[in-house]
Amino acid sequence: MGLRDRGAGGEPSRGFGIVNALEFTPDGARLLLGRGDGRVTLWDWRRDEVIWSKQGHSGAIRGVAVSPDGTMCASGSADQGVLWDISGEVRFTFPSKAWDVDFSPDGYFLAIGSGKVVILWDTAVGLQYRYMWEHHGCVWWVEFSPDGALLASASLDHTVKVWDPEAGHSLATLEAHQDSVDCVRFSPDGRLLASGSHDGQIYLWDVESLLQGE
């Protein structure tokens, strides 16, 4: 049954305006929404109940994430990144652009695509842990591997970079795309990396081969 079927007569059960980003909580019971008006909303879709809705940004939200343990969430926009308690209270704000956000699998770090830079923030104290600047265009997407050993970033500069987040440097640069790369995803087992671009192409990369320079 689709979400549109939950309301009477097949109409949407609730209107949220423009929604640019969303992610389920780990238990699947709630959905975190990043809205076009800068509001972050946590929605219990089963009960069709808004748990909380807060104005976290001055403009449209581009990315949201929920920590693997479900205790934190994050949102990013052109103005800043925000780390929230899952209860809706702000823990920390991170200055500058935040085109996308992603938690490490252990929840200790929040990766942010900030302008041309990938920044890792410590979620416990809100301090910058790593500042990784090798892209030549905006970083639209960041994604940790399932084991947290790698971090991938997709950029306006037509490339994907695979990083060692602990060491703070890139291990591979993928240059097959002919236009802005907007998204990357690791497979659940971490063996494959997929990238999607404005050039209309999707590439699947073997991670082990990439790390060996093949």
Taking a ≥ b ≥ c as the square roots of the eigenvalues of the Cα gyration tensor of region 39-87, is the shape rounded (a/c under 1.5), prolate (a/b larger than b/c) or oblate?
oblate
Reachable aspartates and glutamates, given that their alpha-carbon falls under 19 Å from the alpha-carbon of Lys97 and they are not under 8 places away in the same chain:
Asp37, Asp79, Asp122, Glu134, Glu143, Asp157, Asp182
Go through region 197-207 residue by residue and turn each phi into a ³J(HN,Hα) via Karplus (6.51, -1.76, 1.60, θ = phi - 60°); whole Hz please, and just put x for glycine and proline.
9, 5, 6, x, 10, 10, 10, 10, 10, 7, 5
Amide H neighbours of Cys138 at under 5 Å, excluding residues fewer than 5 places away on the same chain, with H built from the backbone geometry, are Leu156, Asp157
Here the relative contact order (percent) of the chain, from C-alpha pairs under 8 Å and at least 6 apart, is 9
For a quick check: sort Thr123, Thr93 by the number of other beta carbons within 10 angstrom, fewest at the front.
Thr93, Thr123
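When a footprinting reagent is the concern and you count Cβ atoms within 10 Å, what order do His177, His169 take, fewest first? Display every interim value, and only then the final one.
Details: His177 23, His169 12.
So the residues, fewest neighbours to most, are His169, His177.
We did not get these values from a lab; they are worked out from the coordinates using the rules stated. Since the model is a prediction, treat every value here as computed from it, not as a measurement. Neighbour counts run over all protein chains shown; Cβ positions are idealised from the backbone, glycine included.
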